[in-house]
Amino acid sequence: MKRPYTVSVVTDEQGSIVRAVLNDNKMFVTKKLSFTEIPFFLHERSALLRLTDISKTARGETIGRRLEPNRFTIYLNHDEFKEIKKLTGVNK
């Protein structure tokens, strides 16, 4: 599986995240995130995807995809996924 961990993000017209869902595509589990559970790097990545057509960082990592002007899929590595799970209080 190429992208086992993702976050689905919806933003408002100003670019603020209004909905975020953590996806574990290995276990087929989702968890809606509250505003306090969204780390800063997700805000940064959604802003980058919203403002540019580039889906990669300067080092070349793919950070996600813009699905619509206000809908994004942000790719996570395992450490980022564990960090968000820790914020949510979900232990698996």
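Under the rule a/c < 1.5 gives rounded, and otherwise a/b versus b/c splits prolate from oblate, where does region 5-88 land using the Cα gyration tensor? Here region 5-88 falls in the oblate category.
Extension gain, residue 26 to residue 62, is 11.0 nm, computed as 0.36 nm per intervening residue step minus the present C-alpha separation. When only Cα pairs below 8 angstrom with a gap of at least 6 residues are kept, the chain shows a relative contact order of 30 percent.
Read the figures in this text as sums done on the coordinates, not as results from a lab. Keep in mind it's a predicted model, so treat the numbers as computed, not measured.
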